[in-house]
1. Can you tell me which residue among PRO195, PRO179, PRO201, PRO131 is touching a residue at least 24 places away in the same chain (Cβ under 8 Å), buried (at least 20 other Cβ atoms within 10 Å of the Cβ) and in contact with a helix residue (DSSP H, G or I) (Cβ under 7 Å, 6 or more places away or on another chain)?
2. In the stretch 76-112, what residues are among the basic types (Lys, Arg) and surrounded by fewer than 19 Cβ atoms within 10 Å (Cβ to Cβ)?
3. Within the stretch 1-17, how many residues are farther than 14 Å from ILE109 by Cβ and either within 15 Å of ligand 1 (Cβ to nearest atom) or among the acidic types (Asp, Glu) (or both)?
4. Could we say that VAL32 is modelled with pLDDT of 95 or more, farther than 25 Å from THR333 by Cα and in contact with a strand residue (DSSP E or B) (Cβ under 7 Å, 6 or more places away or on another chain) here?
5. What residue, of LEU91, LEU114, LEU100, is in contact (Cβ under 8 Å) with a residue 24 or more places away in the chain and under 24 Å from VAL148 (Cβ atoms)?
6. Looking at LEU108, is it more than 16 Å from ligand 1 (Cβ to nearest atom), of a type outside the set (Val, Ile, Thr), modelled with pLDDT of 95 or more and under 16 Å from VAL310 (Cα atoms)?
7. Look through LEU256, LEU268 and report the one residue that is closer than 25 Å to GLY193 by Cβ and in contact (Cβ under 8 Å) with a residue 40 or more places away in the chain.
8. For LYS282, indicate whether it is assigned to a helix (DSSP H, G or I), under 20 Å from the mean Cα position of the chain (by Cα) and free of Cβ contacts under 8 Å to residues at least 24 places away in the same chain.
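The values are calculated or read from the model by the stated rules, or taken from the named source; none is laboratory data. Please read all numbers here as calculations on a predicted model, not as lab measurements. All Cβ positions, even for glycine, are placed from backbone atoms using ideal geometry, and neighbour counts span all protein chains on display.
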Amino acid sequence: MTRLILGIETSCDDTSAAVVDENFRVLAVRTVSQTSVHALFGGVIPEIAARNHIAWIFPTIDKVIGESGVAPKDISAIAVTNYPGLLGSLLVGVGAAKGLAIGWHKPLIAVNHLEAHIHSPFLGRSERPKPPYLSLVVSGGHTTLMAVGEGSAVTVLAETMDDAAGEAYDKIAKVAKLPYPGGPAIDELAQTGDPTRYDLPYLMRSGKYKDTLAFSFSGIKSAVKRILDTEGDTVALADLMAGFQSRIVELIERRLTAAWEGDTYTALVVAGGVAANSAVRKMAQEFTGKRGVPLYLPELKYCQDNGAMVAAAAFPKLDRGEFSPLDFDVTATSRPQTK
Ligand code: KG4
Ligand code: ZN
């Protein structure tokens, strides 16, 4: 019988559950987004996010179980994100997963949120990359470059030193009075602008981190903020956003190029909320096209946090019988365990 996993995701502000089979076919997925609530504050308020997860977690799970047409007895395991993320949010998903595991007599699999994002491009498609492959997760909480080896073993190569890429988008959007979340709004505007109009600094092209794989977005944020403050309503916003976006994508491309050199990766995976960005997607397509390797990008609907990617990331652990004890904890740290 085809094995099935119920995946649960509540690490930030999306309450999500999904039933996924061992071929990564998504039988049902439901995500309740809290974006409109947090938009009132211009960012995620952890306490509110956790409270909303409590309200939505069981209705969401009920819904996907019903829509999948699967009986709980046919589920092989329950997977849940336990780190990194907002502690209060993580606790809700993990508490729900543990309760169901006890009630339904199912094994539990704790999943790293970044590993979950890495699996998001494989949902609904039959081919998967052969390890080792290079993987970049760019989201509101992370900008992490990872090498993925056999058995989905993840080695972190680099992270952001300050903001995540999506966070930089959201913060600049707030200053520019664009809607929250800032990524989609800036992306749309940038496509109509001239990226060369403003003289913006390149990111980390000089200084002590020049030859590392690290990311930092504080320099570009300050430069753009300064122009917004000085020019006020007269600013050519589309041009400024086009420049901002082009500098971010240029750094990402430079880091991918450096990480790729001297190694033997078979494919590139780019995932996370910012993988929905048009310029990031185009750059990744050109990057892999030039190197003749496959690119794995999630469908737009799987860029955002979702339970399906959590279930998919749990299958390698199910294969190895790697289950989590009932007393496993949640952790906020952004650094995934390396195996
Ligand atoms: O993966 P995600 O749903 O949540 C986290 O785990 O962080 O990512 C959300 C982030 C937000 O910062 C949002 O502004 C950004 O992804 N984002 C984008 C785009 N769509 C969403 N950033 C740039 N361009 C986009 N098109
Ligand atoms: Zn995420």
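1. Details: PRO179 fails: buried (at least 20 other Cβ atoms within 10 Å of the Cβ); PRO201 fails: buried (at least 20 other Cβ atoms within 10 Å of the Cβ); PRO131 fails: buried (at least 20 other Cβ atoms within 10 Å of the Cβ).
It is PRO195.
2. Applying the first criterion (among the basic types (Lys, Arg)) to the stretch 76-112 yields 98, 106.
Answer for the stretch 76-112, where residues must be among the basic types (Lys, Arg) and surrounded by fewer than 19 Cβ atoms within 10 Å (Cβ to Cβ): just LYS98.
3. So the answer is 7.
4. Details: modelled with pLDDT of 95 or more: yes; farther than 25 Å from THR333 by Cα: no; in contact with a strand residue (DSSP E or B) (Cβ under 7 Å, 6 or more places away or on another chain): yes.
No: the conditions fail for VAL32.
5. On the way: LEU91 fails: under 24 Å from VAL148 (Cβ atoms); LEU100 fails: under 24 Å from VAL148 (Cβ atoms).
So the residue among LEU91, LEU114, LEU100 that is in contact (Cβ under 8 Å) with a residue 24 or more places away in the chain and under 24 Å from VAL148 (Cβ atoms) is LEU114.
6. For LEU108, the condition - more than 16 Å from ligand 1 (Cβ to nearest atom), of a type outside the set (Val, Ile, Thr), modelled with pLDDT of 95 or more and under 16 Å from VAL310 (Cα atoms) - is met.
7. Numbers: LEU268 fails: closer than 25 Å to GLY193 by Cβ.
Only one candidate qualifies: LEU256.
8. Working: assigned to a helix (DSSP H, G or I): yes; under 20 Å from the mean Cα position of the chain (by Cα): yes; free of Cβ contacts under 8 Å to residues at least 24 places away in the same chain: yes.
Criteria met by LYS282.
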